[in-house]
Each structure stands twice: as C-alpha cells, then as structure tokens.
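Chemist: The structure that follows is given in the form of structure tokens.
Quick note: the coordinates plus some simple rules give every number you see, no bench work behind them. All values derive from a computational prediction rather than experimental measurement. Backbone-built Cβ (ideal geometry, glycine too); neighbour counts: all protein chains shown.
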Amino acid sequence: NPVANLACLLPKAELHLHIEGTLEPELAFRLAARHGVSLPYADVEALRAAYDFSDLQSFLDLYYAGANVLRTEADFYDLTHAYLARAHADNLRHVEIFFDPQTHTERGVAFEEVLGGIRRALLEAEREWGISFKVIMSFLRHLSEADALATLEEARPHLHRIDGIGLDSSEMGHPPSKFARVFAECRELGLPVVAHAGEEGPPEYIEEALDLLRVKRIDHGVRALESEALMQRLVDEQIPLTVCPLSNVKLKVYDDMSMHSLRKMLARGVKVTINSDDPAYFGGYVNANFVACVESLGLTEAEVIKLARNSIEASWLDSARRDALL
Ligand code: ADE
Ligand code: ZN
C-alpha cells in the first residue's frame, strides 16, 4: 500500500508514549534474570499471550506488574534505548515520553535511578540519531492528590530535567478535578501540563482537563465525539489530541479499527496525532499504528501528511526546531 509506505517514511513526532509500556517480553525476562526474580509466566510466548485485555484496568494490572523488573538506572537505560531504536526505525525525529515515578518510588527505586537511566538513553539518541526529546512526569490518578503533591516535592531537585506534567492510570471515578490544586502548582512552576481524558471517561472529563487543569493537549480524547459543543471547541481552539489507535482497539474502546473515530475527527478539523501509548502491550509502534489506520480507515496521502505534520506542530519544540522538522 503506497499510502502506508509514505506514512512510514515521513518524519514524525511521538507525543503519547509511556516508557514503562515499551517493556517487551524479551527484555522483561532478561531483566528478571538480571535481578534473580521470577515472572509468573513460563516464557516469552506465555507472557505475550497474556496481553489480551478487556478494558483499561485489565491492561494496567499487567503493566504495573511488569514494571516490577525495572529496578536500576541500567534497567531504565536499556528500556529507553530499546524504545528509541524502534523510534529511529520509524522515522521519529522527536519524542515526548511519559514516566510514572510513583510506580517505582513506591517499590523503593530511587527517583534518580529512574530519571537518570531514561535521560541517559535520550541524550545518547539525540547525539547518535538526532532525535530531540521532552520528558513528562505523570501522576497516577488512582492514587490521592496528596500522593501526587508528595511526588512533586520529591521531583523538585530534578525539575530542570523534567519538561512537563501528565496524568494517567485508571480514568473512571478519578476525574481531572481531583488534581486541580497539584496541577495549579505545576503550572506556577512554569511546567506545561497534559492529561489523559476521554479514553474511557466521558466528555465532561475532557472539559475538566481543559478548564480546571488548563492542559495544552488531551491524551486520547476520543470520546469528545459524543459532544458536539466540545468538538467545536477542540476545532476552534486547535487543541491537539494524542490519539492511540491500536491501544483503543486492544482496550476495547472500539470493537474494531474500522470503527475508530480518528478519520472523522480529522475531517472535522480537530488537530489529531497518531501515537503508540504502550507499544509492547498493544501490538505496535508508531508506524504500525499508521499502517493499521491506513488499512482499516482508508486514510489518503493528504491525511497521513496532515497527521505527521500535526505531530510536529502539537509538540513542545521551540519554533526553530519545529520549522526544521516541518
Ligand atoms: N498508563 C499507561 N497507558 C495508559 C493509558 N492508555 N491510559 C491510562 N493510563 C495509562
Ligand atoms: Zn496513555
């Protein structure tokens, strides 16, 4: 398919990627062996076979369990390096990646080991492959706001190496309003903020993210389609959505890729981007997401060019680097 080939070759940015979600089964077993811990699966095939999810929570249970093999700076370096090799192969020129400190500090892993390992791999990929980057610290929304505030305190000595703030984990029952104060504090520190909203949650959660958290982008946001007023606002204000098509199908937001609303939203004038979310768990990196959309939705050449451009325009790059990539 020539459109799919074009999509793969275009320079792109990825704006919605959880580094913990890039842990491939092969690396999980290698890290388990490194630390002398056993995984509750016989082998790589058995672990991969467990990646059969019914909703967001069924995925998160496995994702947090998998993170248990990530313990040292070297582990986070290896994880991030492996992702960046895939990013380079997919012609990504810029990445903005989430990390979830609470998943690790709760287990006794030092904040510095996590951030240091991730950044060492990012700096190396910038030198070797010219991939620029931003690092987004995400709060886990199933935990309390007090927990998020404590995490922000713990992050204070590292804030010069953190480019923004995100909000992820179990959406239903944990609306953005729960984090209004901690996000206000982050904004006062000069940090741009984003939030997952409208993945499983209702359009009202997207509105809360915009009005109460003052986010620069919405992560997912696909349920915006249920509110015409919200759709109009997304178009008028050109608020980017970081959509993750394979993730949405794997987590049963849509029964099938042919049902995905991405093309409809793009046609409506929403600033949609394509991202991989947790590629080790959802069956593919950025190019695989583009290919699946081209094949199932019939995206045109003009549409894939628009989607690739959107990814650069919706990034937090300065205008010089942005213009160089466009
Ligand atoms: N953490 C990792 N991936 C996520 C997703 N798709 N939604 C919410 N939290 C997440
Ligand atoms: Zn996500």
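Chemist: Compute a Gaussian network model of the chain, connecting alpha carbons closer than 10 Å, and tell me which residue from Tyr64, Tyr41, Tyr205 fluctuates the most.
Modeler: Fluctuation is largest for Tyr41.
Chemist: At a Cα cut-off below 27 Å, give the lysines reachable from Lys252, other chains included and same-chain residues fewer than 8 away excluded.
Modeler: Counting by Cα, and skipping residues close in sequence, Lys252 has these lysines nearby: Lys12, Lys178, Lys216, Lys264, Lys271, Lys306.
Chemist: Over the chain, what is the relative contact order in whole percent, taking alpha-carbon pairs under 8 Å and six or more residues apart?
Modeler: Taking the mean separation of contacting Cα pairs over the length of the chain, I get 22 percent.
Chemist: Mean Kyte-Doolittle hydropathy of -0.5 or higher plus an axial Cα length of 20 Å or more: which whole DSSP H helices in the chain meet both? Don't skip to the answer; put the middle values down first.
Modeler: Numbers: long enough: 73-89 (24 Å, -0.31); 111-129 (27 Å, -0.33).
TM-like helix candidates: 73-89, 111-129.
Chemist: Here's something else I'd like to know. Please work out how much length the chain gains when fully extended from Gln57 to Ala324, using 0.36 nm per residue of separation minus the C-alpha to C-alpha distance, in nm with one decimal.
Modeler: Full extension of this stretch gives 92.1 nm more.
Chemist: Let's test the formula: R0 of 22 Å, r as the Cβ-Cβ distance of Ser144 and Ala32. What FRET efficiency results, to the nearest 0.05?
Modeler: 0.10
Chemist: Let me ask something additional. Compute the signed sum of charges (Lys and Arg +1, Asp and Glu -1) over the other residues within less than 15 Å, Cβ to Cβ, of Val193.
Modeler: Computed value for this residue: -1.
Chemist: Summing +1 for each Lys or Arg and -1 for each Asp or Glu, what net charge is found among the other residues whose Cβ lies under 10 Å from the Cβ of Leu79?
Modeler: Net charge in that neighbourhood comes out at -4.
Chemist: Here's a follow-up. Any chance you could check the Cα centroid distance between segment 162-188 and segment 92-126 for me, in angstrom?
Modeler: After rounding, the separation between the Cα centres reads 19 Å.
Chemist: Expressed as a rounded percentage, what relative contact order does segment 183-261 have, with Cα pairs under 8 Å and six or more residues apart? Each step should come with its number before you reach the end.
Modeler: Details: 102 pairs, mean separation 20.0, N = 79.
Rounded, it is 25 percent for segment 183-261.
Chemist: Let me have the 222 nm mean residue ellipticity of the chain computed from DSSP H runs of 4+ only, each contributing -39500 (n - 2.57), with the sum over all residues rounded to the nearest 500.
Modeler: -14500 deg cm²/dmol
Chemist: What is the mean projected area of the alpha carbon convex hull for the chain, to one decimal in square nanometres?
Modeler: The directionally averaged projection comes out at 15.3 nm².
Chemist: Further question on the same structure: Given R₀ = 30 Å, what would the calculated FRET efficiency be for Ala46 paired with Glu106, taking r from the Cβ atoms and rounding to 0.05?
Modeler: Efficiency for this residue pair is about 0.65.
Chemist: Starting from the 7 Å offset along Cα-to-Cβ, what nm value, one decimal, do you get for the label separation of Glu188 and Gln238?
Modeler: In this crude label model, Glu188 to Gln238 measures out at 3.2 nm.
Chemist: Based on other C-beta atoms within 10 Å, arrange Phe139, Phe282 from fewest to most. Before the final figure, lay out each step's value.
Modeler: Working: Phe139 26, Phe282 23.
By the 10 Å Cβ count, ascending, the order reads Phe282, Phe139.
Chemist: Run the numbers for Tyr254 and Arg161: contour at 0.36 nm per residue of separation, minus the present Cα-Cα distance, in nm.
Modeler: My answer for the length gained is 29.8 nm.
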